[in-house]
Amino acid sequence: MNLRDLRYFVALAEHKHFGRAAQASFVSQPTLSTQIRKLEDELGVALVERTPRKVLLTEVGKEIVQRARDVLTEVDQIRAIARRTIDPESGTLRLGIFPTLGPYLLPHVVPQIRARFPRLELLLVEEKTETLLRQLREGRLDATVLALPIHDDQLHAEFLFEEPFLLAVPEQHALARRKTLKLADLSDQSLLLLEDGHCLRDQALEVCALSGASEKSGFRATSLETLRQMVAANVGVTLLPTLSVKPPVARSENIHLMQFRGDVPSRRIAMLWRKSSALSPFLKKFCGIFRELPRALLDPHASTGTAHVSRRTATH
């Protein structure tokens, strides 16, 4: 048994197709198939069921592939320790981030990362929270930026910043005439929300529970930009994270942003990694860049310079 064959087997388990697994492993399909057969012969068990359309793992194959992932993760950690000892700020960092934050945060931090760690290769993965957590636990990511809370005793969470929410309403909406806005003012509103799987949906539902608002029935958006366009089209109102209305995001017509007073709804952003990670000392240092965001980026007042309401929001 060798590490190469374990990597082939893990690739096959992920893609469930010999051709795609071979392509992902940068080998020919016959080569990958032959090595999987050799691994099965060596172990004396069938790892996969070969069907005409796809590959299915046997029960023992499912158990072994998880062990294989653990082994490969530990090997990567050994290599990371050696690499970081030689040069702590070089090598590759696989970083996950969720879709309602990535496009709005990364333009502000990636230039700083390149300047601070010029030898670091940053590989970014944008996925929903549950996918990122699974990839982090499996060792396919080194760290991921997520919204708290995350309940996992195997992961370390390093708080980065708190991001307030704004209420986005059409320019002609009755709420647009208010100079101040409290959570209680949403009690008779139906909010446009994202589909299941987005952490922003869960956060918005918490705001609904606190304010007495409800979800607009018959509508669930697939992205933050869809929500934004629906507000501009006078379909309804929604919550937008502050970073999503800051430059370099372009301005959009017919959207009125309102800031909350009193109990301001927000989300807490953190970077998470495995407690066993050899990269922990570097990741703690890496988090500093995210904590150095200009205060204006997280200040709803700074979007237009007005005290209570910004005139327009933005979209790509």
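The values are calculated or read from the model by the stated rules, or taken from the named source; none is laboratory data. Remember, predicted model here, so these are calculated numbers, not experimental data. We place every Cβ from the backbone using ideal geometry, glycine too, and count neighbours over all the protein chains shown.
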Seminar exercise, completed: Just one listed residue, out of 146, 106, is closer than 24 Å to residue 265 by Cα, hydrophobic (A, V, I, L, M, F, W, C) and part of a strand (DSSP E or B), and it is 146
For this session: Run down 102, 44 and say which single residue is touching a strand residue (DSSP E or B) at 6+ places or on another chain (Cβ under 6 Å), over 25 Å from residue 278 (Cβ atoms) and among the small types (Gly, Ala, Ser).
Result: 102
Exercise. How many of the residues in region 151-187 are closer than 29 Å to residue 273 by Cα and not small (Gly, Ala, Ser)?
Worked result: 14
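Would region 118-137 turn up any residue that is more than 21 Å from residue 278 (Cα to Cα), in a loop (DSSP other than H, G, I, E, B), out of contact with any helix residue (DSSP H, G or I) (no Cβ under 6 Å at 6 or more places or on another chain) and not small (Gly, Ala, Ser)? Spell out the reasoning first.
Taking region 118-137 and keeping what is more than 21 Å from residue 278 (Cα to Cα), we get 126-131.
Of the ones still in play, those that are also in a loop (DSSP other than H, G, I, E, B) are 127-128.
Cutting the leftovers down to out of contact with any helix residue (DSSP H, G or I) (no Cβ under 6 Å at 6 or more places or on another chain) gives us 127-128.
So of that shortlist, the ones also not small (Gly, Ala, Ser) come out as 127-128.
Yes, because at least one residue in region 118-137 is more than 21 Å from residue 278 (Cα to Cα), in a loop (DSSP other than H, G, I, E, B), out of contact with any helix residue (DSSP H, G or I) (no Cβ under 6 Å at 6 or more places or on another chain) and not small (Gly, Ala, Ser).
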Exercise. Only one residue in 219, 165 is among the hydrophobic types (A, V, I, L, M, F, W, C) and part of a loop (DSSP other than H, G, I, E, B), so which one is that?
Worked result: 219
Seminar exercise, completed: Per the filter on region 127-143, residues surrounded by 15 or more Cβ atoms within 10 Å (Cβ to Cβ), within 15 Å of the chain's Cα centre (by Cα) and either more than 20 Å from residue 268 (Cβ to Cβ) or not polar (S, T, N, Q) (or both) are 127, 128, 131, 132, 133, 135, 136, 137, 140, 141, 142, 143
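Sort out for me the strands (runs of 3 or more DSSP E) sitting completely within region 225-280 that have 1 or more residues that are more than 30 Å from residue 72 (Cβ to Cβ) and at pLDDT 90 or above. Explain how you work it out, then say what you get.
Values: elements: 238-241, 250-252, 255-259, 266-274.
Strands (runs of 3 or more DSSP E) meeting the threshold: 238-241, 255-259, 266-274.
Scan region 155-178 and tell me whether some residue there is farther than 28 Å from residue 296 by Cβ, of a type in the set (A, V, I, L, M) and without any contact (Cβ under 8 Å) to a residue 60 or more places away in the chain. Please lay out each step first, then the result.
At the first step, the residues of region 155-178 found to be farther than 28 Å from residue 296 by Cβ are 155-156, 172, 174.
Filter again for of a type in the set (A, V, I, L, M), leaving 155, 174.
Filter again for without any contact (Cβ under 8 Å) to a residue 60 or more places away in the chain, leaving 174.
Scanning region 155-178, I find at least one residue that is farther than 28 Å from residue 296 by Cβ, of a type in the set (A, V, I, L, M) and without any contact (Cβ under 8 Å) to a residue 60 or more places away in the chain, so the answer is yes.
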Exercise. Within region 115-125, is there a residue that is modelled with pLDDT of 95 or more and under 14 Å from the mean Cα position of the chain (by Cα)?
Worked result: yes
For this session: For residue 75, state whether it is farther than 22 Å from residue 248 by Cα and assigned to a helix (DSSP H, G or I).
Result: yes
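How many of the residues in region 1-28 are surrounded by 15 or more Cβ atoms within 10 Å (Cβ to Cβ) and over 15 Å from residue 43 (Cβ atoms)?
Number satisfying all stated conditions: 14.
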